[in-house]
Each structure stands twice: as C-alpha cells, then as structure tokens.
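The values are calculated or read from the model by the stated rules, or taken from the named source; none is laboratory data. On a predicted model such as this, the values are computed, not experimentally measured, just so you know. Cβ placement follows ideal geometry from the backbone for every residue including glycine, while neighbour counts extend to all protein chains displayed. Surface accessibility is based on the protein's heavy atoms, side chains included, excluding ligands, DNA and RNA. Shrake-Rupley method; radii C 1.70, N 1.55, O 1.52, S 1.80 Å.
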Amino acid sequence: MQNERFRNVKHVINFDIPSDIDEYVHRIGRTGRAGMLGQATSFFNEKNRNVAMDLLDILTEANQEIPEWLEGLAREAKRDNYAKRNYNNNRR
C-alpha cells in the first residue's frame, strides 16, 4: 500500500539536502518506485559539501552528467578531510 502513495511521483525537489547520503537517496528514490522513471532536482550549496564526494560517486554510478563545480567541490572536500585527518593524527 505504501508504494501506491508514490507511484505517480515524477519529480522530487530537494530544497534542503540531508547531511546523510542514504537519506538523500531515499528521498530521490521516490521517483523510481514501481518501475517508474523520474527526475530529482536538488539545491546544493557550500553547507552541503559534506555529501559532495558521496553524491559524486552516486551520480557516476548512475551514469548521470556530473557538473564541473561538483567535481571541484568534491576534490576540495576530499582534500580538506585528508588534511583534517592528518592534523588530528599528528596531535595524538
């Protein structure tokens, strides 16, 4: 019965991307229920950089077009995470 509610969803718009990539996938997955295809539009900004790498992986896996700005942001986030991890390891 739950699938019936989302059967005709053709487009999901995320005004606020969740900080957890699994929750993001759950939200946009509403367009792909019951064998249907759909679209997802998400408003993404600097506050969402923590999911940039995961989002890049998901889009790549799904053979979706990757915006250059997202690739750049994912690289920056990866570099920042690496630097933060090294800084924390050196403090111990």
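The table below lists the values:
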{"item": "In region 8-28, the residues that are open to solvent by less than 30 Å² (accessible area, probe 1.4 Å) and over 9 Å from the mean Cα position of the chain (by Cα)", "result": "Val12, Asn14"}
{"item": "Candidates Leu59, Leu37 - the one that is farther than 26 Å from Asn81 by Cβ, free of Cβ contacts under 8 Å to residues at least 12 places away in the same chain and hydrophobic (A, V, I, L, M, F, W, C)", "result": "Leu37"}
{"item": "Qualifying residue in region 70-83 (condition: within 17 Å of Lys10 (Cβ to Cβ), at pLDDT 80 or above, open to solvent by 70 Å² or more (accessible area, probe 1.4 Å) and not in a loop (DSSP other than H, G, I, E, B))", "result": "no"}
{"item": "Selected residue (criterion: modelled with the highest pLDDT) from residues of region 36-51 that are aliphatic (A, V, I, L, M) and farther than 15 Å from Pro18 by Cβ", "result": "Leu37"}
{"item": "Positions within region 54-64 being touching a helix residue (DSSP H, G or I) at 6+ places or on another chain (Cβ under 9 Å) and open to solvent by 60 Å² or more (accessible area, probe 1.4 Å), in sequence order", "result": "Asp54, Asp57, Gln64"}
{"item": "Selection from region 26-65 of residues that are closer than 17 Å to His11 by Cβ and of a type in the set (Val, Ile, Thr)", "result": "Ile28, Thr31, Thr41"}
{"item": "Breaking point among (1) hydroxyl-bearing (Ser, Thr, Tyr); (2) in contact with a helix residue (DSSP H, G or I) (Cβ under 7 Å, 6 or more places away or on another chain); (3) at pLDDT below 80, for Thr31", "result": "(2)"}
